[in-house]
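Colleague: Structure provided below as structure tokens; questions to follow.
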Amino acid sequence: MFDPLMNIAIGCDHAGYKLKEYLKKNLQSQNIPVKDFGSFSEDSVDYPDIIHPLARAVDKNDFQKGIIICGSGNGVAMVANKYGNVRAAVCWSEEITRLSRLHNDANIIALPARFISVEQAMGFVKIFLTTQFEGGRHLRRVEKISKLL
């Protein structure tokens, strides 16, 4: 079950545009607030221009969760993970998605649009938004992620 108070940030590059639109409409049909940071077409864009504002907003806790999409999921995750309170995980299977929440308390899911179907993506998003962080032994590890050595 989705948390009705959760608000979601979503963004993509041109490769992820169709998938972003599908996910956004699906979530909004379930009355989940979604803020679209772009891209707004399949025209070529530089993903950092979209992902930096989205990740900054998640970093400041303006949004509880984020969904970011590009061809491989890697580029958008690399940008998002520049922010201290962001833990973006590239997810391409149910188990990877579940573990990203259970063990890593990921707050942004990065999806590889060129390698998964829309149905798979929606399934991963559902897992991501409904799986709670386990805490416990994982908490101290997560707390060390943003520490500079």
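Colleague: Give me the orientation-averaged projected area of the Cα convex hull of the chain, in nm², one decimal.
Modeller: Working: hull surface 33.1 nm².
That works out to 8.3 nm².
Colleague: Would you mind checking the tilt of helix 47-59 against the longest principal axis of the Cα atoms of the chain, expressed as 0 to 90 degrees and rounded to 10?
Modeller: Roughly 40 degrees, rounded to the nearest 10.
Colleague: Identify, among Gln64, Gly11, Asn26, the residue whose Cα sits farthest towards the positive end of the charge dipole of the chain, taking +1 on the Cβ of Lys and Arg and -1 on the Cβ of Asp and Glu, with the dipole about the Cα centre.
Modeller: Gln64
Colleague: Any idea how far apart Ile145 and Lys25 come out in nm if each label point goes 7 Å out from Cα toward Cβ?
Modeller: Taking the simple label geometry, Ile145 and Lys25 are separated by 3.2 nm.
Colleague: With +1 assigned to the C-beta of every Lys and Arg and -1 to the C-beta of every Asp and Glu, and no other charges, what is the dipole magnitude of the chain about the Cα centre in debye, to the nearest 20?
Modeller: Details: 19 positive and 16 negative charges, 109 e Å.
Dipole size: approximately 520 debye.
Colleague: Another question about this same structure. How far, in nm, would the chain grow between Ser117 and Glu94 when pulled straight, counting 0.36 nm per residue and subtracting the alpha carbon separation?
Modeller: Numbers: separation 23, 0.36 × 23 = 8.28 nm, distance 1.29 nm.
My answer for the length gained is 7.0 nm.
Colleague: Right, next: With 10 angstrom as the radius, rank Ile8, Ile96 by how many other C-beta atoms surround their C-beta, starting from the fewest. Intermediate values should be presented prior to the final figure.
Modeller: Details: Ile8 24, Ile96 13.
If I rank by nearby Cβ atoms, fewest first, I get Ile96, Ile8.
Colleague: Nearest 0.05, what FRET efficiency do Gln132 and Ser41 give at R0 = 35 Å with Cβ-Cβ as r? Mind dumping the intermediate values first?
Modeller: Values: r = 36 Å, r/R0 = 1.02.
The value I calculate is 0.45.
Colleague: Another question, if that's okay. Using modelled amide H (1.01 Å from N, peptide plane; none on Pro or chain starts), what sits under 5 Å from the amide H of Gly66, excluding residues fewer than 5 places away?
Modeller: Ala9, Ile108, Ile109
Colleague: For region 119-126, what does the Karplus curve 6.51 cos²θ - 1.76 cosθ + 1.60, with θ = phi - 60°, yield as ³J(HN,Hα) per residue in whole Hz, taken in order and with x for Gly and Pro?
Modeller: Rounded to whole hertz, the list is 5, 4, 4, 5, x, 5, 5, 4.
Each reported figure results from applying straightforward, stated rules to the coordinates on display, with no laboratory input. Quick caveat, the model's predicted, so the values are computed rather than measured. A quick note on method: Cβ atoms are made from the backbone with ideal geometry, for glycine too, and the neighbour counts reach across all protein chains shown.
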